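**Student:** A single structure is presented below for examination.
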Amino acid sequence: MKIKCLIVDDEPAAQRVVEKFLSNFQHAVISGSCKTAFEAINFLNNHRIDLLFLDINMPGLTGIDFLRSLRNPPVVIITTAYREYAVESYELDVVDYLHKPFSFDRFFQAFQKAEEKIKPSSSGASDNYEGVKASKDHFFIKADKKFVRVNYGELTYIESLGDYCKIHTEKSKVVAAITLKKLLEILPSTQFVRVHKSFIVAYDKIELVEGNTIKIGTSVVPIGYSYKKGFLKHIGE
């Protein structure tokens, strides 16, 4: 599967860095490059894009405002020299936030996240869902042609990848063809809570809540605006 990419950045040098890094992925196709958000709007009106690399500080219209204006945005990776927009970006469901200058290793991690989110949209993952077998302390779920046991006590958080979910546990990660909504119906509500349209977390694995983020081990999970009030009330109780 080819991943069609669009780079939106007003700095030619920054565009070249993304182009160079993308050249390492045979299935990544650079469909275009734009210097302003207005150019990108015109481009998206005429081309289908899977992955958007988006700068924030651009003339005329910022990357954040541009992203807010899109009805059906592609998967987005932010590339910026500014750290302070990270939380706001995650609330807009970006897949990753790269702070310039970023290394190829960091870029590779972001591209992998985007790739996982893009693949399900064209693979008919929902047709492969065969349900889960739930018990009082665990469930079995089909992943990669195997049934994998997930213990509630080891589950840290779950990340939505469209029709798939990535289930993070203390021991491993499991990607399965199931929606976040369906998993929420299975999980005990006293142990797990949805904190974002793309994330469920385990209450007892939360180490720190700061601003609009939750720290779980080495991971940082965003808190969505519409979920924040109920979440904070619950942990306060």
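The values are calculated or read from the model by the stated rules, or taken from the named source; none is laboratory data. Given the structure is predicted, the values throughout are model-derived calculations rather than measurements. Here the Cβ is made from the backbone with ideal geometry for all residues, glycine too, and neighbour counts use every protein chain on show. Quick note on the areas: whole protein, heavy atoms, side chains included, nothing else; ligands and nucleic acids left out. Shrake-Rupley method; radii C 1.70, N 1.55, O 1.52, S 1.80 Å.
**Student:** Within segment 219-237, work out how many residues are in a strand (DSSP E or B) and modelled with pLDDT under 90.
**Tutor:** 0
**Student:** Something else: For segment 205-229, what are the residues that are out of contact with any helix residue (DSSP H, G or I) (no Cβ under 8 Å at 6 or more places or on another chain) and loosely packed, with under 12 Cβ neighbours inside 10 Å?
**Tutor:** Residues satisfying the conditions are Glu207, Leu208, Glu210, Thr218, Ser226, Lys229.
**Student:** Within segment 153-191, how many residues turn out to be open to solvent by less than 20 Å² (accessible area, probe 1.4 Å), farther than 23 Å from Ile235 by Cα and within 15 Å of the chain's Cα centre (by Cα)?
**Tutor:** Residues in segment 153-191 being open to solvent by less than 20 Å² (accessible area, probe 1.4 Å), farther than 23 Å from Ile235 by Cα and within 15 Å of the chain's Cα centre (by Cα): 2 in total.
**Student:** Another one. Count, please, the residues in segment 16-59 that happen to be part of a helix (DSSP H, G or I) and open to solvent by 20 Å² or more (accessible area, probe 1.4 Å).
**Tutor:** Count: 11.
**Student:** Could I ask something else about it? Show me the strands (runs of 3 or more DSSP E) found entirely inside segment 158-218 where at least 1 residues are on the phi > 0 side of the Ramachandran plot and among the charged types (D, E, K, R).
**Tutor:** none
**Student:** Tell me the residue from Asp105, Asp93 that is part of a loop (DSSP other than H, G, I, E, B) and at pLDDT below 95, please.
**Tutor:** From the options Asp105, Asp93, the qualifying one is Asp93.
**Student:** Could you please let me know if Val150 is over 25 Å from Ala86 (Cβ atoms), surrounded by 15 or more Cβ atoms within 10 Å (Cβ to Cβ) and at pLDDT 90 or above?
**Tutor:** yes
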